[in-house]
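Input: a single structure, listed below in structure tokens.
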Amino acid sequence: MPTLTINGRSMSVDAANDTPLLWAIREQLQMTGTKFGCGAGLCGACTVHVNGEAVRSCQTMVGDVAGKKITTIEGLSAKGDHPLQKAWIAEQVPQCGYCQSGQIMQAASLLAKNSNPTKEEVVAHMDGNLCRCMTYSRIQKAIMRAATEMRTASAAGNERRPT
Amino acid sequence: MNQHVKNVTPEPTDLSRRSFLVGTAATGLVLGYAGVPGVGEALAAAPANFEPSVWYSISPDGLVTVTCGKADMGQHIASTMAQIVCEELGAKWSDMRVNLASNDPKFNDPVLGAQITGGSWSTMMNFEAMSRAGAAGRIALAEAAAAAMGLPPYFKDQLIVRDSMVSHPKSKKQMSFADIVKSGKATKTFTPDELKAIKLKTPDQYTMIGVSVPQLDIPSKTNGTAKYGIDVMLPGMVYGAIVTPPVRFGATVKSVDDAAAKSVPGFIKAVILDDKTQTTSGWVVAVANTYANAKKAAAALKIAYDGGPNAKLSSQSLLDEAKRLQGLDDSGQFFVKDGDPAAALGTAAKVLEAEYTTSINIHAPMEPMNATAEFKGDILHIYSGNQFATRSGAIAAGAAGIDPKFVVMHQMWLGGGFGRRLDADMMVPAVQAAKAVGKPVKVIYTRENDMTMDFSRPLTYQKVKAGVDGDGKLVALSHDVVSAWPTARWGIPDFLTPSVDKKGPLDSFTVNGSDFFYTVPNHHVRAIKNEMAHNATPSGQLRSVAPGWTFWAVESMIDEIAAATGKDPAQFRISLLDGAGKNDGGAQRLRNTLLAAMGLAGYGTKKLPKGEGMGVACVSSQERATASWTACVAHVAVAPSGEVTVKKLTVATDVGTQVHPDNIRAQVEGAVLWGLSLALYEKATLKDGGIEQTNFDSYRPLRMSQMPEVAVAVIANGEKATGVGEPAVTVVAPAIGNAIFNASGARVRALPITAEAVKGAMKA
């Protein structure tokens with residue numbers, strides 16, 4: 001049985017190596033915050049981090065992530081208080097909410113590297129994530145708000161750990 | 001949740017004739033209407049059996065839980081219902097909670113008498129009932145508090161109920177909702193007349209309505225804890241992947257060879273659906289221990305099909321058939337029959353004639369269709385986010401071969417609805433697979449299943465003839481609308497509308513909007529059912545439904561008439577919105593809304609660069625009786641290649657009363673972008689009886705990089721609250737089409753608009 005290092009814990013999953021990581025996370029580990037949207041890497045609903053990079057978990061096989069550090073929406077912050085999560089609430093971003101775990105994980109990988117992105121950088125980074133409710137303008141605002149908070153926190157010498 | 005057998009047959013629940021009860025049960029205070037099945041029992045029940053009831057309950061810790069009978073698909077309707085109750089009840093917002101209702105009839109809509117969510121109806125139809133429920137609770141709590149605090153009854157008018165507290169300033173006494181509930185003293189029955197006599201707050205007294213309180217569901221949608229249908233986990237559950245035929249509808253399974261599937265680990269069984277509800281055709285479910293294995297097994301099944309009667313049809317066949325039907329004099333039924341357009345067209349100084357089309361469109365909510373079914377004793381439990389529990393429960397029962405009263409529908413958050421989850425096809429594979437394997441089964445559609453088996457927005461064909469007299473006045477409009485009939489498919493007579501010419505009921509959800517508020521003395525609208533399309537592409541209600549195509553035709557034609565008579569298209573509309581006769585009231589509101597949009601967009605105030613233009617449209621979506629007044633000014637740039645860039649969309653909407661201003665903006669922003677997406681990017685096609693687009697690479701909803709600047713003005717003038725989820729979808733495409741004409745002289749009449757069509761129209 002493959003062992004996954006996920007949200008800081010080591011967990012073995014009863015899944016073949018060619019099982020998409022998405023289904024191992026959702027069914028074996030019963031962490032359902034990561035969503036199935038298209039199964040083809042076209043929508044971004046299943047986005048998680050592997051060694052800090054945003055990847056589509058529907059296109060990532062369990063056998064390929066052994067020994068790598070996986071982070072899901074459940075592990076992004078201890079209490080749902082990552083600057084992006086707070087910004088998502090402040091800007092009242094979600095409508096149906098289904099794509100938002102993936103949006104937040106995608107955005108987090110941007111801000112981990114660049115806490116002062118331009119609007120164009122945000123759009124380029126987020127364009128692979130579909131939102132059928134079309135909350136795009138609020139997603140942009142929330143990312144900018146979170147970036148500001150991260151810069152302020154960083155300036156105060158209170159640097160956050162990258163996820 | 002519900003332990004006992006339910007009767008889910010829709011029954012009229014005229015709440016105006018029922019008593020309203022406030023009573024104390026073991027877990028707190030319960031408030032609801034008497035005589036609605038369940039409420040009396042809940043009040044009378046032994047404390048241990050108590051369950052939350054309509055409309056809300058208050059627990060001994062003071063938390064107020066509102067049970068929402070509406071599907072919440074991102075419009076935050078559960079939170080909105082809580083907000084309306086909260087206003088009259090006098091609770092603190094941080095004490096409010098929401099709960100999603102089962103299909104128990106006691107949670108039925110007070111106006112519709114069923115559980116259905118659509119039409120942008122929820123707020124307008126529930127505002128009054130929720131307000132009275134909140135007010136009745138406040139009165140009962142205040143009286144109980146007065147008694148408990150030892151105040152004589154004549155002090156009751158001096159009590160203040162605010163922030164979950166009843167206080168009497170003169171004596172400085174106060175009591176929290178929690179303590180009142182714990183006292184067990186809050187018991188009161190309101191007769192229907194007493195309930196009706198409660199004086200509700202006037203808008204100037206509101207402290208909650210009109211305030212953008214934090215939506216109750218949002219935190220759970222930022223940390224992965226919100227549970228959607230796809231997230232349901234039951235003990236012993238297995239998974240189903242469906243195999244759908246290459247034909248959208250009408251195929252049958254000839255044989256299934258599961259030899260290869262048997263070598264897939266965890267494979268349990270292939271189940272051929274026997275769907276007597278005729279919701280699906282030719283589907284097979286591969287059941288396995290995990291979804292990944294179920295998908296592998298599904299791919300390994302070798303299935304032979306009989307393609308059925310629709311296997312050769314294409315979008316072109318449906319369009320050809322629509323044109324043939326429109327050409328027949330006796331086709332269809334009349335939805336509007338004012339005056340005599342034929343005669344007026346015969347004497348008109350100028351006659352314009354045009355055909356407008358819209359393509360097949362797919363809902364594609366981000367959460368693919370799914371359902372989990374579990375048989376427990378005599379009861380079938382269904383877990384699925386669904387917009388029409390009353391009918392979907394009946395379809396599930398039909399698939400199981402049991403009486404609908406034995407079905408309990410467990411509502412979940414919906415990962416998008418847009419009308420798709422009014423349908424119940426996902427119930428059938430889940431139920432029949434669960435029955436076949438004797439275990440709970442969760443069926444999840446692949447995106448490919450979801451796209452190719454959508455109950456789509458139908459392909460539509462409209463022909464409009466307009467007559468103008470010598471003074472340039474619009475005197476006649478003859479409008480034929482040919483499409484599949486989405487609502488007729490439900491088989492529920494109450495949802496159909498009698499035709500004006502008494503030729504039997506018609507599906508008004510194919511023609512709503514064509515009964516506009518312009519004054520046109522001779523005006524006919526025919527609703528024509530395209531039986532071929534109806535059978536080959538079973539259609540559904542896609543966000544905004546008919547006004548999404550009727551206004552494409554009407555608002556384009558109005559623009560064409562303005563151009564042909566040399567008038568400014570906005571001023572021409574204003575002249576038609578004179579409020580004469582039956583249009584009084586609505587026409588003026590629509591005119592004012594159009595003026596607001598023009599003002600916000602700077603329409604006509606500046607000269608635009610070459611290749612740019614502005615276009616207007618104004619609509620009374622959704623239905624004439626439930627309109628929100630919405631206008632759009634689109635600003636576009638058109639390249640010589642025909643490529644269109646939407647620079648800005650300015651939308652004004654008159655919604656009467658705003659319960660939650662920020663939510664209205666969110667809904668209108670989303671609806672505007674839907675309108676843009678349908679206008680320029682989304683197109684599905686039928687070939688050999690099947691939908692050709694299978695995923696987001698070929699069916700392409702708007703992405704972030706395609707988003708133009710959007711400006712929204714919300715007009716709240718104190719009239720009754722109207723809906724906001726859909727109307728703004730319908731106004732965008734015609735505004736863009738009209739802007740393209742203004743920018744380039746190219747008139748486009750087919751949705752979605754393509755660069756080729758624009759370029760072609762430029763040359764013409």
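Since every read-out is calculated from the coordinates, none of them should be taken as a lab result. On a predicted model such as this, the values are computed, not experimentally measured, just so you know. With ideal geometry, Cβ positions are generated from the backbone for all residues, glycine too; neighbour counts draw on all protein chains shown.
Scanning region A:85-102 for residues that are touching a residue at least 40 places away in the same chain (Cβ under 8 Å) and closer than 15 Å to A:R145 by Cα yields A:K86, A:A87, A:W88, A:A90, A:E91, A:Q92, A:V93. Residue check: B:Q278 meets all listed conditions (1) touching a residue at least 12 places away in the same chain (Cβ under 8 Å); (2) within 28 Å of B:H381 (Cβ to Cβ) but one, namely (1). The number of residues in region A:48-64 being within 12 Å of another protein chain (Cβ to nearest Cβ) and surrounded by fewer than 22 Cβ atoms within 10 Å (Cβ to Cβ) comes to 1.
The set of residues in region B:678-697 being facing chain A (nearest Cβ under 10 Å) and out of contact with any helix residue (DSSP H, G or I) (no Cβ under 8 Å at 6 or more places or on another chain) consists of B:D697 alone.
Yes/no matrix, rows are residues, columns are (1) in contact with a strand residue (DSSP E or B) (Cβ under 7 Å, 6 or more places away or on another chain); (2) surrounded by fewer than 23 Cβ atoms within 10 Å (Cβ to Cβ):
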position	(1), (2)
B:T605	no, yes
B:K610	no, yes
B:M614	yes, no
B:S620	yes, no
B:T685	yes, yes
B:Q693	yes, yes
B:R700	no, yes
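Consider region A:13-37 and keep the residues that are farther than 15 Å from A:I70 by Cα and touching a residue at least 60 places away in the same chain (Cβ under 8 Å). The one that is farthest from the other protein chains (Cβ to nearest Cβ) is A:K35.
Residues B:T657, B:T645: which one is closer than 30 Å to B:H76 by Cβ and among the β-branched types (V, I, T)?
Numbers: B:T645 fails: closer than 30 Å to B:H76 by Cβ.
On inspection, the qualifying residue turns out to be B:T657.
With the condition kept exactly as written, say whether any residue in region B:516-539 is under 22 Å from B:A716 (Cα atoms) and not in a helix (DSSP H, G or I). For region B:516-539, residues under 22 Å from B:A716 (Cα atoms) and not in a helix (DSSP H, G or I): present. Report yes if A:N51 is touching a strand residue (DSSP E or B) at 6+ places or on another chain (Cβ under 6 Å) and either among the hydroxyl-bearing types (S, T, Y) or over 21 Å from B:D231 (Cα atoms) (or both), otherwise no. Yes. Checking B:L234 against (1) within 12 Å of chain A (Cβ to nearest Cβ); (2) in contact (Cβ under 8 Å) with a residue 40 or more places away in the chain; (3) crowded, with 21+ Cβ neighbours inside 10 Å, only one condition comes out false. Which one? Answer for B:L234: the failing condition is (3).
If you go through region B:332-383 and keep only what is assigned to a loop (DSSP other than H, G, I, E, B) and either free of Cβ contacts under 8 Å to residues at least 60 places away in the same chain or within 14 Å of chain A (Cβ to nearest Cβ) (or both), you end up with B:I362, B:H363, B:A364, B:P365, B:M366, B:E367, B:P368, B:M369, B:G377. Screening region B:477-505 for residues that are small (G, A, S) and out of contact with any Ser or Thr (no Cβ under 9 Å at 6 or more places or on another chain) and picking the one that is surrounded by the fewest Cβ atoms within 10 Å (Cβ to Cβ) gives B:G504. Taken together, the residues in region B:281-300 that are out of contact with any strand residue (DSSP E or B) (no Cβ under 6 Å at 6 or more places or on another chain), buried (at least 22 other Cβ atoms within 10 Å of the Cβ) and free of Cβ contacts under 8 Å to residues at least 40 places away in the same chain amount to 2.
So, B:A596, is that one buried (at least 24 other Cβ atoms within 10 Å of the Cβ) and touching a residue at least 60 places away in the same chain (Cβ under 8 Å) or not? Considered against the rule, which asks whether it is buried (at least 24 other Cβ atoms within 10 Å of the Cβ) and touching a residue at least 60 places away in the same chain (Cβ under 8 Å), B:A596 comes out as no.
For (1) within 14 Å of chain A (Cβ to nearest Cβ); (2) under 30 Å from B:P404 (Cβ atoms); (3) in contact with a strand residue (DSSP E or B) (Cβ under 6 Å, 6 or more places away or on another chain); (4) not in a helix (DSSP H, G or I), each residue gets a yes or a no:
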{"site": "B:A71", "(1), (2), (3), (4)": "yes, yes, no, yes"}
{"site": "B:M81", "(1), (2), (3), (4)": "no, yes, yes, no"}
{"site": "B:N126", "(1), (2), (3), (4)": "no, yes, no, no"}
{"site": "B:A135", "(1), (2), (3), (4)": "no, no, no, no"}
{"site": "B:A144", "(1), (2), (3), (4)": "no, no, no, no"}
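Can you name the number of the only condition in (1) over 27 Å from B:M412 (Cβ atoms); (2) more than 14 Å from every other protein chain (Cβ to nearest Cβ); (3) among the aliphatic types (A, V, I, L, M) that B:V211 fails? Against the list (1) over 27 Å from B:M412 (Cβ atoms); (2) more than 14 Å from every other protein chain (Cβ to nearest Cβ); (3) among the aliphatic types (A, V, I, L, M), B:V211 comes up short only on (2). In the set (1) touching a residue at least 12 places away in the same chain (Cβ under 8 Å); (2) crowded, with 20+ Cβ neighbours inside 10 Å; (3) not basic (K, R), B:M704 fails one condition alone, (1).
Could you please let me know if A:A45 is within 10 Å of chain B (Cβ to nearest Cβ) and either surrounded by fewer than 19 Cβ atoms within 10 Å (Cβ to Cβ) or without any contact (Cβ under 8 Å) to a residue 12 or more places away in the chain (or both)? Step through it out loud before you land on a result.
Working: within 10 Å of chain B (Cβ to nearest Cβ): yes; either surrounded by fewer than 19 Cβ atoms within 10 Å (Cβ to Cβ) or without any contact (Cβ under 8 Å) to a residue 12 or more places away in the chain (or both): no.
Spelling it out, it is not the case that A:A45 is within 10 Å of chain B (Cβ to nearest Cβ) and either surrounded by fewer than 19 Cβ atoms within 10 Å (Cβ to Cβ) or without any contact (Cβ under 8 Å) to a residue 12 or more places away in the chain (or both).
For B:D423, the test of being in contact with a helix residue (DSSP H, G or I) (Cβ under 8 Å, 6 or more places away or on another chain), buried (at least 23 other Cβ atoms within 10 Å of the Cβ) and among the charged types (D, E, K, R) is passed.
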